[in-house]
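Student: Take this structure first; my questions come after.
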């Protein structure tokens, strides 16, 4: 009996040692969903995003804005329904069409969007050689990045004033001026201010942008956007969007000079 038990122990030890020797450790490229991965070789301990689990960006509305003959602006409202995934580079293709529906020009560009964010994308100026009657924005696959400890609520850029006036001053026919406050904990190198004017039909009558440089935490800054042509229709509503690129580390400034390493992906 003793010899039998000793034999079992020896065989078991040899078998376990052989298993350990030949065992293949799970990796992020073995084609198997293991090691707490959320998909095959993606997320969990792997850097690759499980793209099949993400919802596409949603274009909720868009406007083609005629400026003058063969000169246009375009604006679209984009929603990211994913709560922990955003993109520092979303490429798009803007297709401009004539009255027959034929694409006469394609404009390529990119923007960034945070998890859970809804934001406007503004394209200007757009010059063509013929009249445009419609425009369609096509979102190309975003470069998704996972942010588990940071979201749209952490970028607290609060617009306190947005005063619209249409009094002629020199070559300025209309303007919006106001104040934005940086209530976040970060100092930013660059902030984009987009002003959108809506008419009585809730269509975009005009839009314009400006930038704020070196915007420190808990400070406020004045902004002004001017229009140098007469506006068409009656302006009934003004929206102001303050955004910054949270995916670019150089955009985050140290409190006492230099660059602050914000996020490692």
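Here's the yes/no breakdown for (1) surrounded by fewer than 19 Cβ atoms within 10 Å (Cβ to Cβ); (2) closer than 22 Å to residue 198 by Cα; (3) not assigned by TED's automatic domain parsing to the domain that holds residue 205:
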| residue | (1), (2), (3) |
| --- | --- |
| 68 | yes, yes, yes |
| 76 | no, yes, yes |
| 81 | yes, no, yes |
| 85 | no, no, yes |
| 93 | yes, no, yes |
| 102 | yes, no, yes |
| 115 | no, no, yes |
| 129 | yes, no, yes |
| 137 | yes, yes, yes |
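Student: Hey, can you tell me all the residues within the stretch 72-86 that are in a strand (DSSP E or B) and at pLDDT below 95?
Tutor: Within the stretch 72-86, 85, 86 meet the criteria.
Student: Just give me the residues in the stretch 47-66 being touching a residue at least 60 places away in the same chain (Cβ under 8 Å), over 25 Å from residue 229 (Cα atoms) and surrounded by 15 or more Cβ atoms within 10 Å (Cβ to Cβ), in sequence order.
Tutor: 49, 54, 57, 59
Student: Within the stretch 101-111, identify whether any single residue is closer than 21 Å to residue 50 by Cα and modelled with pLDDT of 95 or more, and answer yes or no.
Tutor: The answer is no; no qualifying residue exists.
Student: I'd like to know if the stretch 180-196 contains one or more residues that are free of Cβ contacts under 8 Å to residues at least 12 places away in the same chain and out of contact with any helix residue (DSSP H, G or I) (no Cβ under 8 Å at 6 or more places or on another chain).
Tutor: No; the residues of the stretch 180-196 include none that is free of Cβ contacts under 8 Å to residues at least 12 places away in the same chain and out of contact with any helix residue (DSSP H, G or I) (no Cβ under 8 Å at 6 or more places or on another chain).
Student: Could you say which residue among 55, 30 is at pLDDT 90 or above and part of a loop (DSSP other than H, G, I, E, B)?
Tutor: Criteria check complete, one pass: 55.
The values are calculated or read from the model by the stated rules, or taken from the named source; none is laboratory data. These figures come from a predicted structure and were not determined experimentally. Please note: Cβ atoms are built from the backbone with ideal geometry, for glycine as well, and neighbour counts cover all protein chains shown.
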